[in-house]
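Report on the structure given below.
The values are calculated or read from the model by the stated rules, or taken from the named source; none is laboratory data. Since this is a predicted model, take the numbers as computed values, not measurements. Don't worry about glycine lacking a Cβ; one is built from the backbone with ideal geometry, like all the others, and counts go over all protein chains shown. To get the accessible areas, we keep the full protein, side chains included, count just its heavy atoms, and leave off ligands, DNA and RNA. Shrake-Rupley method; radii C 1.70, N 1.55, O 1.52, S 1.80 Å.
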Amino acid sequence: MSPSGGIAYRGTRLFIEDCDLAALADEFGTPLYVYSRAALQERFRAYASACAGHDALICYAVKANSNLAILNQLAREGAGFDIVSGGELLRVLAAGGDPKRIIFSGVGKSAAEMELALSHGIACFNVESLSELRLLDRLAGACGKTAPVSLRVNPDVDAKTHPYVATGLRDTKFGIDIDGALAAFREATMLPNLRVIGIDCHIGSQLLDDGPFMQALERLIELIDELAHEGIVLTHLDLGGGLGVAYQGEATVAIEEYVRRALARVDRWREQFHGGAALRVLFEPGRSIVAAAGVLLSRVQYLKPGSARNYAIVDAAMNDLLRPALYDAWHEVLPLEKVDAPVVNWDLVGPVCESGDWLARARDLALREGDLVAILNAGAYGMAMASNYNTRPRAAEILIDGAHAHLVRKRETPEDLFCGETMPAL
Ligand SMILES: *Cc1c(COP(=O)(O)O)cnc(C)c1O
């Protein structure tokens, strides 16, 4: 399958699996998110097959795309889940996910969220501060439970990615500073209602090379050894997520290559220094599983050529796909039908009243008003970051299975957006 998730032209028309994308846009309207089940499975299975024969668990990072249908497909593939809120926990459970395969990340878990997770018996809390550790201990004690805990360590590794998605440097809000980690583990083992089982990190997102992951792994391994000397024996090591996607044809390390390299390193160390003891390895991939499995379809409303720039005003906007506005992100744009029109250098912009509302800049495309385009690699952090800014209803979502299209989230109506609001008679 192509890196763009089962997207290919058949003649002049763009298909996803065996579905004509323009026909989907006509049937379901635009803007429209469309996901390929085959592409989703292919990427999850790349992780799973590289992990075969190892004690490893792939915990899909729900925040990348939390549609129930996506979660359900992955649960049926045997995925675990990495959640960052109580809401995500309820989504995973509603989608048939196994609580014993759920890990809970995040720097600001509330007491209510931790209680909810304790009541469902999740696999592990990835704790990010001493204060959180103490609160979790108190809450677990109050409900007569022992909370399984991993400490998220900040290994001070430069992920060399966009500053908004770099999370492994000393000055980020995430994780426990590597220098304070030993003391934090010592305190954690003293707390009566916690069971300290692991160590984790997540150094950033959209990493194209696995060098920084391997650097972080070395630091975690050193720490596990130091802890073992003190009698604190960990049974799981979680490398986080963050593997990148070739949005612009960049060279990226393959999923299998990275996973095999990491597991081989752990095996070598375990046999030499860890007495062959059990150590489960966890991965928390989001983007690398779901980004290429999704496209955003949009219709060209107006063409507005100008003296400085040529604007193609489309019906999708920053509220549908925030990544360009937020991160200056680049997404490939393809017309759903190749047409005989002059190729012009267009900026694709949305209807939202912000100059930052753009989806793609300076693209040579043959476009006419009314034409449809696909914005590729939109499966991750697309719909998941969508908002209702400008009272714009969020798009519908479709899951494709071969020649079949399944509506997996209906389009919002404007009334949906204000149905919770009231006007006091003041
Ligand atoms: C966001 C996040 C992930 C997933 O990152 P991707 O870049 O989508 O793979 C994994 N773990 C944690 C803790 C995260 O915050």
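Starting from residues that are more than 13 Å from the ligand (Cβ to nearest atom) and open to solvent by less than 10 Å² (accessible area, probe 1.4 Å), keep the ones in the range 103-117 and report whichever is nearest to ASP177 (Cα to Cα).
MET114
Conditions first: (1) part of a loop (DSSP other than H, G, I, E, B); (2) open to solvent by 60 Å² or more (accessible area, probe 1.4 Å). ASN390 passes all but one, so which condition is the exception?
Condition not satisfied by ASN390: (1).
Quickly run through the range 253-275 and pick out the residues that are modelled with pLDDT of 95 or more and assigned to a loop (DSSP other than H, G, I, E, B).
Hits for the range 253-275 are VAL253, ALA254.
Out of GLY121, GLY96, which single residue is of a type outside the set (A, V, I, L, M, F, W, C) and touching a Pro at 6+ places or on another chain (Cβ under 7 Å)?
GLY121
For the range 353-366, give me each residue that is open to solvent by 10 Å² or more (accessible area, probe 1.4 Å) and assigned to a loop (DSSP other than H, G, I, E, B).
CYS353, GLU354, SER355, GLY356 - these are the residues of the range 353-366 that are open to solvent by 10 Å² or more (accessible area, probe 1.4 Å) and assigned to a loop (DSSP other than H, G, I, E, B).
Taking into account only those residues within the range 125-158 that are in a helix (DSSP H, G or I) and of a type in the set (D, E, K, R), which is farthest from the chain's Cα centre (by Cα)?
ARG138
Going by the structure shown, is GLY231 among the small types (Gly, Ala, Ser) and not in a strand (DSSP E or B)?
Considered against the rule, which asks whether it is among the small types (Gly, Ala, Ser) and not in a strand (DSSP E or B), GLY231 comes out as yes.
Suppose the filter is without any contact (Cβ under 8 Å) to a residue 24 or more places away in the chain, surrounded by fewer than 16 Cβ atoms within 10 Å (Cβ to Cβ) and of a type outside the set (Gly, Ala, Ser); does GLU250 pass it?
It is false that GLU250 is without any contact (Cβ under 8 Å) to a residue 24 or more places away in the chain, surrounded by fewer than 16 Cβ atoms within 10 Å (Cβ to Cβ) and of a type outside the set (Gly, Ala, Ser).
Residues of the range 140-172 being open to solvent by 10 Å² or more (accessible area, probe 1.4 Å), among the hydroxyl-bearing types (Ser, Thr, Tyr) and out of contact with any Lys or Arg (no Cβ under 7 Å at 6 or more places or on another chain), which ones?
Correct list: THR161, TYR164, THR167, THR172.
So ASP225 ticks every box in (1) modelled with pLDDT of 95 or more; (2) surrounded by fewer than 17 Cβ atoms within 10 Å (Cβ to Cβ) but one. Which box is left unticked?
(1)
Could you tell me which of the residues THR161, THR172, THR189 is without any contact (Cβ under 8 Å) to a residue 24 or more places away in the chain, among the polar types (S, T, N, Q) and not in a strand (DSSP E or B)?
THR172
Report, by residue number, each residue of the range 43-55 that is in a helix (DSSP H, G or I), of a type outside the set (A, V, I, L, M) and out of contact with any Ser or Thr (no Cβ under 9 Å at 6 or more places or on another chain).
The answer is PHE44, ARG45, SER49, CYS51.
Give the range 178-213 a look and list any residue that's under 24 Å from the mean Cα position of the chain (by Cα) and open to solvent by 20 Å² or more (accessible area, probe 1.4 Å), or say none.
HIS202, GLN206, LEU208, ASP209, GLY211
Conditions (1) free of Cβ contacts under 8 Å to residues at least 24 places away in the same chain; (2) touching a Gly at 6+ places or on another chain (Cβ under 8 Å); (3) open to solvent by 40 Å² or more (accessible area, probe 1.4 Å), marked per residue:
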| site | (1), (2), (3) |
| --- | --- |
| LYS304 | yes, no, yes |
| TYR311 | no, no, yes |
| MET318 | no, yes, no |
| PRO324 | no, no, no |
| VAL333 | no, no, no |
| GLU337 | no, no, yes |
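How many of the residues in the range 276-302 are closer than 30 Å to GLY80 by Cβ, aliphatic (A, V, I, L, M), touching a Gly at 6+ places or on another chain (Cβ under 8 Å) and not in a helix (DSSP H, G or I)?
Counting residues in the range 276-302 that are closer than 30 Å to GLY80 by Cβ, aliphatic (A, V, I, L, M), touching a Gly at 6+ places or on another chain (Cβ under 8 Å) and not in a helix (DSSP H, G or I) gives 3.
Any residue in the range 238-249 that is within 16 Å of the ligand (Cβ to nearest atom) and either at pLDDT below 95 or at positive phi (or both)?
Yes, the range 238-249 contains at least one residue that is within 16 Å of the ligand (Cβ to nearest atom) and either at pLDDT below 95 or at positive phi (or both).
Which residue, of ALA50, ALA61, is under 29 Å from ARG260 (Cβ atoms), in contact with a Pro (Cβ under 8 Å, 6 or more places away or on another chain) and open to solvent by less than 10 Å² (accessible area, probe 1.4 Å)?
ALA61
Taking the range 381-426 only, how many residues are more than 22 Å from ASP20 (Cα to Cα) and out of contact with any Asp or Glu (no Cβ under 6 Å at 6 or more places or on another chain)?
The number of residues fulfilling the criteria is 24.
Of all residues in the range 67-99, which are open to solvent by 30 Å² or more (accessible area, probe 1.4 Å), under 21 Å from ALA396 (Cβ atoms) and more than 15 Å from the chain's Cα centre (by Cα)?
Correct list: ASN72, GLY87, ALA94.
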